[in-house]
Every structure is written in structure tokens, then in C-alpha cells.
Amino acid sequence: MSKIPVAVLGATGNVGQRFVSLLQDHPTFEIAALTSSERKVGGHLKDFWRLEDVPLAPDVASIELQPLDVSVLRKHDIVAAFSALPAEIAVDVETNAAQSGVRIFSNASAHRMDADVPLLLPEVNPNHLPLVERQPSFREGGFVVTNPNCSITGLALPLKPLVDALDLTDVHVATYQALSGAGYPGVPSLDITANVVPFIESEEEKMRREAKKILGSMSDGILPSPIDVWANCARVAVRDGHLEAVSIPLKDDVPPREIARLLSSFRGEPHVQQLPTAPKQPVIVRAESNRPQPLLDLMAGEPARARGMAGTVGRIRVVGRVVRFFVLSHNTIRGGAGGSLLNAELAHRRGYLD
Ligand SMILES: NC(=O)c1ccc[n+]([C@@H]2O[C@H](COP(=O)([O-])OP(=O)(O)OC[C@H]3O[C@@H](n4cnc5c(N)ncnc54)[C@H](OP(=O)(O)O)[C@@H]3O)[C@@H](O)[C@H]2O)c1
């Protein structure tokens, strides 16, 4: 059976390059078009490639970078497009592409909070996917599915089994976020070398409002979750991987080993459905006192296609009735391209790409 032709919009950026690395040997999807900004159009991705650990496949390296235009998607018979565009560029392009029948899987924040757009994390809210059927473009076959902000993605994975099993309402989190989360070239080197910047614009607000939508229940639209995420976000001099220090007041006495059991036994629909990029275990619990660390745990997840797709939790403690732990996740894989790809795999399995 032939593969489904897909495009990567913003293929030269941090998330775009991760998309390409995950798509170039994908069992279902095949890269048919790559776009960049005007200044790189006509060039080739090999001239801008920064993932030193992933070789660029020769057939992908030879694809000419195209302008960001719906006509390009039509010309290449694109069924689905993975968007790694800045939000201000994504807002109209994604809507127009969806109206022309393309299924959009987007990392951009532009449409995340639209009432008829799923903010999808397949282990957490796979039941939100049918929202796409309410989008005006669905009649033409197109729709937009978004994945959440990278820092709430890493937190929502361990939060889901805890919210389902325990009585809790408030989640406090302090983040240590990697440089690659700021796009390329990102934070000026003189601002971040030997430094920590305790401000990431809109990040704390995004974590709070996106958690309410992701964990919300589906009835006639999404009913926001009562859970409040209170975040303090900081940028640190780490290349990839967002580390988060989490504190959750509980209403009952729950021992740390029960928290560890809930997290490690959590399994999502992607694993049950055996989607190609699904991690066997979405949350891995480490017992060592000095884990997780970006250098050691960034690429957690198996099988091989799911490397970087699992969150790693460590240092689970309960003092009084407050549980505390650290969680680490890969911001451009689990919190970016890999998360979006998993959304597309779920949509494909449910017949939305037919
Ligand atoms: N980085 C993360 O960890 C992360 C995680 C989750 C979500 N996101 C979101 O994902 C999106 C991409 O993030 P990123 O970190 O990959 O950003 P990035 O490195 O700055 O890449 C942006 C991409 O968009 C292209 N682009 C920029 N302006 C354009 C224009 N006017 N017309 C056409 N293409 C244009 C760029 O092309 P050129 O290379 O030619 O400039 C590049 O390919 C953002 O919305 C971001 O908020 C990022």
C-alpha cells in the first residue's frame, strides 16, 4: 500500500527538523513537500540541518524548499501537513489549508484554544479528537488538530493518572526549560550563558489554560477541568529537555510507592492501539535520587521509534499531604513534533485521513 503524502510547514526550524527526522522513515507517511520562509526557498534542508545525531535521508535532502502557500500543498497532493510555524504565521495559513481539504497537525499556539479544535495528547484525551467534525473546513475534508505547549505536555502525562485516581485541585510547578524551546536562533547567547532567565512570555498562562482544556471533559464541546496549574517558568542553559519540579496538595494520605505505582502502570490509547510512535510506557519512574536529568533521560521511551516520547519522573516524595516530584520531557519531540505525529497516527487509525 502506498504511503500518505505529507508536508512539513516550517521544516527548517527546531520543531520542523524534528518532524523531518521522525517522518523520513515513517511506516505510514511520506514527505512530499517542505516549506521555509522566503529567504530559504529554493535551497535544501541539508544546508540548514542541525540534528547531528540523526542523518538526513538522501531522498529528503534533495527536496527543494518551497514557499508557504496552499498552492504548493495542492500541487503535491498533500493529505496532511505538520505545522511548525510561528503562531502569527500559522493562524491564517492553517485555516486556509484546512479549508482546501488538508488535515493540519499543528505545534503552533494559534488555534489551540478554538472551541472546535482538539488540543490533543493521545494518552490523556483521545476522546477530544471528534471535535474536528465541528470545524467548517471538515466538509471539505480538512481540519486542524493542535498539540499542547511543550511544558504542559510534560506535566499532563503524569498528571492524568493522578487526577483520575486521587482527590486534587491545585498543581504547583517550577520549570527549567531548554533553549531549543525558544526556536532558532532563540535566546541571545549573552543573555543565557552562565545564567537563568526567570521569564518566558505567556508560558505560565498557557500552562494554566491549556491544562484546563486537555483535562476537560467532552460533552457538547469541552467542559474545562477544575484543575488549576500554578507555574513559575524559567529558561536555563540546557540544549533540549524541560525539567519541571511539581508539588501537588492531596486531600488524603497517599504513600510515595502508590504514586509511583499509578505513574508506572499508566498506559495510553496509543500504546493499546500500537501506534508507530507510541511509547510503551508514557511515564517512566526512576528510583535513583539524582534523576531525571536532561543529559541522561532526554531520549526515554521505547520501542526505538518512540525514543524521546516518554516523560521521566523521579524523586517522588510525600511530606504532609503534599506529593512532590520532578518530571523531564523532550520539548521538541514529546512536546513538539513527536506529539503532533502521534496525533496524526491516532487520526489515521480512526479513519480521519481516508
Ligand atoms: N521549540 C519547541 O520546543 C516547541 C515546542 C512546542 C511547540 N512549539 C511551537 O512550534 C512552532 C515552531 O517552533 P520552532 O521552535 O521550531 O521555531 P523556529 O525554530 O523559529 O522555526 C520556525 C519555522 O517557521 C518558518 N517561518 C518563519 N517565518 C516564516 C514566514 N513568514 N513564512 C514562512 N515560514 C516562516 C521558519 O523558516 P526559516 O528557517 O526559513 O526562517 C522555520 O522553518 C512555534 O509556533 C512554537 O511556539 C515549539
Original post:
Looking at region 225-243, which of its residues are touching a Leu at 6+ places or on another chain (Cβ under 8 Å), over 22 Å from D191 (Cβ atoms) and part of a strand (DSSP E or B)?
Top reply: V229
Original post:
Can you name the condition, by its number, that D164 falls short on among (1) surrounded by 14 or more Cβ atoms within 10 Å (Cβ to Cβ); (2) within 30 Å of E302 (Cα to Cα); (3) under 23 Å from the mean Cα position of the chain (by Cα)?
Top reply: (1)
**OP:** Return a yes/no flag: does region 34-42 have any residue that is more than 13 Å from the ligand (Cβ to nearest atom), under 26 Å from A306 (Cβ atoms), assigned by TED's automatic domain parsing to the domain that holds A97 and at pLDDT 95 or above.
**Re:** no
**OP:** Filter region 6-30 down to residues that are away from the ligand (no atom under 11 Å from the Cβ) and more than 13 Å from A344 (Cβ to Cβ) and give me whichever is surrounded by the most Cβ atoms within 10 Å (Cβ to Cβ).
**Re:** S21
Original post:
Mind checking which pairs have a first residue in region 339-354 that is over 15 Å from R18 (Cβ atoms) and a second that is surrounded by 24 or more Cβ atoms within 10 Å (Cβ to Cβ) and among the β-branched types (V, I, T), Cβ under 8 Å, 6 or more apart or different chains?
Top reply: E345/T277; A347/V145
Original post:
Mind checking which pairs have a first residue in region 1-20 that is assigned to a loop (DSSP other than H, G, I, E, B) and a second that is within 6 Å of the ligand (Cβ to nearest atom), Cβ under 6 Å, 6 or more apart or different chains?
Top reply: G10/G16; G10/A84; G10/L85; T12/S36; T12/K40; G13/A84; G13/Y184
Original post:
So which helices (runs of 4 or more DSSP H) are wholly in region 56-114 and hold at least 1 residues that are within 13 Å of the ligand (Cβ to nearest atom) and in contact (Cβ under 8 Å) with a residue 60 or more places away in the chain?
Top reply: 70-75, 87-99
Original post:
Conditions: (1) at pLDDT 95 or above; (2) within 22 Å of the chain's Cα centre (by Cα); (3) crowded, with 16+ Cβ neighbours inside 10 Å. W230 meets all but one. Number of the miss?
Top reply: (3)
Original post:
For region 217-240, which residues satisfy the criterion of being within 30 Å of L129 (Cα to Cα) and touching a residue at least 60 places away in the same chain (Cβ under 8 Å)?
Top reply: M218, G221, I222, S225, I227, V229, W230, A231, C233, D240
Original post:
Taking region 232-281 as the search range and keeping residues that are within 16 Å of the ligand (Cβ to nearest atom) and touching a His at 6+ places or on another chain (Cβ under 7 Å), which one is nearest to G320 (Cα to Cα)?
Top reply: G241
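Say whether the condition of being within 16 Å of the ligand (Cβ to nearest atom), more than 21 Å from N232 (Cα to Cα) and β-branched (V, I, T) is met by at least one residue in region 146-164.
yes
Could you tell me which of the residues P292, P270 is surrounded by 24 or more Cβ atoms within 10 Å (Cβ to Cβ), of a type outside the set (K, R) and part of a helix (DSSP H, G or I)?
Working: P292 fails: part of a helix (DSSP H, G or I).
After applying the criteria, what remains is P270.
The values are calculated or read from the model by the stated rules, or taken from the named source; none is laboratory data. What you see is a predicted model, and the numbers here were worked out from it, not measured in a lab. Virtual Cβ from ideal backbone geometry, glycine too; neighbours counted across all protein chains shown.
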